[in-house]
Amino acid sequence: MEELIRKADVLIESLPYIKRFYGKTIVIKYGGHAMVDDELKNGFARDIVLMKYIGIKPVIVHGGGPQIGEMLKKLNIESEFVSGMRVTDTETMNVVEMVLAGKVNKDIVRLINKNGGNAIGLSGKDGNLIRAEKLMMEEGIEYIRTPEIIDLGHVGKVKSINVDVIDNIVDRHIPVIAPVGVSDDYEAYNINADLVAGSIASALKAEKLILLTDVPYVMDKDKNRIATIKLGMVEGMKKDGTLTGGMIPKVDCGADAVRNGVSKAHIIDGRTSHSVLLEMFTDHGIGTQIVE
């Protein structure tokens, strides 16, 4: 009986949040360990279906770096990285598109539909959803104190988002979007999934942008959770060393989305079961939120 009462208490706690987010668009970047572990994958799919049935409009943007690396290895195609970014020639881009827009995207669609949802898989090529342009990286060469401009090939950045494509399906379906963009001359480009999710959330003026990661949350120097980051705090946290490494681009992504009209951005641990629901529908949440 106590267990049943506890479950009822959880439902009651979630009620004001369900009411608040009813009819709102939530953009979720799905990646990391949550895309690999079978139990977490099924849990994520069920969470998304639940959100849809209670009147929320989830939009999923997914990554797939490990899956791309695995396929390139099977095909004996060497991978070169510059500052963590994969140099993507035409041959590599063909594999990237095959894995992201084909295998990974359709696996997520299948899993959501298997759990009672109605998902549709898209890439940036569909309806010109994601217009892209080439990303050129500037690397500082310390000993000559001049930058070197590095061509990463088919690595792109978001130029624009065609929101009509999503608006036309999000009321009835769950869009699942692979981060492959298309340029003005119809070349395919691989784009960082966090950046695509942030751009889509901004274009849709979404209620929330949720980034699933493989770390619990943003931590202070004593390894304590930072529950809330205000926009005015971000640069100071970089300067004092609170934000380091891979957390910097994630916080920047969330902060940019908030500056561009998203109500809140969240960085949460995708390795925690039902992490999206725990962040959205409980009083204390489990991750770090970025607010204006």
(request) For K125, go through the aspartates and glutamates and keep the ones whose alpha-carbon is under 14 Å away, minus same-chain ones fewer than eight residues off. (result) E97, E133, D164, D184, D185, E187
(message) Could you work out the percent of alpha carbon pairs in the stretch 210-281 separated by over 15 Å, rounded to a whole number?
(response) 53
(message) From the mean inverse distance of alpha carbon pairs (Kirkwood) and the Cα radius of gyration, derive Rg over Rh for the chain.
(response) 0.97
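Determine by what factor the alpha-carbon radius of gyration of the stretch 160-207 differs from 2.2 N^0.38 Å, reporting the quotient. Before the final figure, lay out each step's value.
On the way: Rg = 11.3 Å, N = 48, 2.2 N^0.38 = 9.6 Å.
Normalised by 2.2 N^0.38 Å, the Cα Rg of the stretch 160-207 equals 1.18.
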(request) Using DSSP to define loop residues, name the chymotrypsin sites (Phe, Trp or Tyr not before Pro) in the stretch 8-44 whose beta-carbon has at most 12 other beta-carbon atoms within 10 Å. (result) Y22
(message) Can you give me the % of accessible surface on the chain that is carbon or sulfur? Probe 1.4 Å, all protein chains present, nothing else counted.
(response) 52
(message) Going by Cα centres, the stretch 20-43 and the stretch 85-104 are how many Å apart?
(response) 23
(request) Quick one: of K159/K238; K24/K205; K29/K52; K29/K264; K24/K264, which pairs are farther than 18 Å apart, Cα to Cα? (result) K159/K238
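Kindly provide the GluC sites (Glu not before Pro) of the stretch 1-101 that DSSP labels as loop, not H, G, I, E or B, and whose Cβ sees at most 16 other Cβ atoms within 10 Å. Present the calculation step by step, with values, prior to reporting the outcome.
Working: sites: E2, E3, E13, E39, E70, E78, E80, E91, E97; in loops: E78, E80.
Listed in order of number, the matching sites are E78, E80.
Scan the stretch 167-276 for chymotrypsin sites (Phe, Trp or Tyr not before Pro) in coil per DSSP, keeping those whose Cβ has at most 15 other Cβ atoms within 10 Å, and list them by number.
Working: sites: Y186, Y189, Y217; in loops: Y186, Y217.
Of the chymotrypsin sites (Phe, Trp or Tyr not before Pro), the ones in loops of the stretch 167-276 whose Cβ has at most 15 other Cβ atoms within 10 Å are Y186.
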(request) Could you state, as a whole-number percent, how many of the C-alpha pairs of the stretch 77-130 are farther apart than 16 Å? (result) 57
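Kirkwood hydrodynamic radius, the stretch 185-247, all distinct C-alpha pairs: what's the number in Å?
When all Cα pairs of the stretch 185-247 are included, the Kirkwood radius is 14.2 Å.
Suppose we take every Cα in the stretch 148-280 and form the convex hull; what volume per residue is that in Å³?
Details: hull volume 19.1 nm³, N = 133.
Convex hull volume per residue, Cα atoms: 143 Å³.
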(request) From the P(r) of the stretch 14-97, can you give the percent of Cα pairs sitting at distances over 18 Å? (result) 57
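Tell me, what is the per residue accessible area of the stretch 14-128 in Å², probe radius 1.4 Å?
Details: 5600 Å² over 115 residues.
Heavy-atom SASA per residue in the stretch 14-128 reads 49 Å².
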(message) Which of N260, N168, N115 ends up with the largest GNM mean-square fluctuation for the chain, with Cα atoms connected below 10 Å?
(response) N168
(request) Would you mind telling me the antiparallel percentage of the DSSP bridges in the stretch 143-292, rounded to 5? (result) 40
(message) Tell me the accessible surface of S83 in square angstrom (1.4 angstrom probe, heavy atoms of protein chains only), to the nearest ten.
(response) 90
(message) If the reach is capped at under 18 angstrom between alpha carbons, list the lysines near K74, excluding any in the same chain fewer than eight residues apart.
(response) K103
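Looking at the chain, send over the antiparallel percent of its DSSP beta bridges, to the nearest 5. Before the final figure, lay out each step's value.
Details: 20 of 49 bridges.
Within the chain, antiparallel bridges account for around 40 percent of the total.
The values are calculated or read from the model by the stated rules, or taken from the named source; none is laboratory data. All values reported here derive from a predicted model rather than from experimental measurement. Positions of Cβ are generated from backbone atoms using ideal geometry, with glycine treated the same way; all protein chains shown enter the neighbour counts. The protein model used for the area step is the full one, side chains on, heavy atoms only, and it has no ligands, DNA or RNA in it. Shrake-Rupley method; radii C 1.70, N 1.55, O 1.52, S 1.80 Å.
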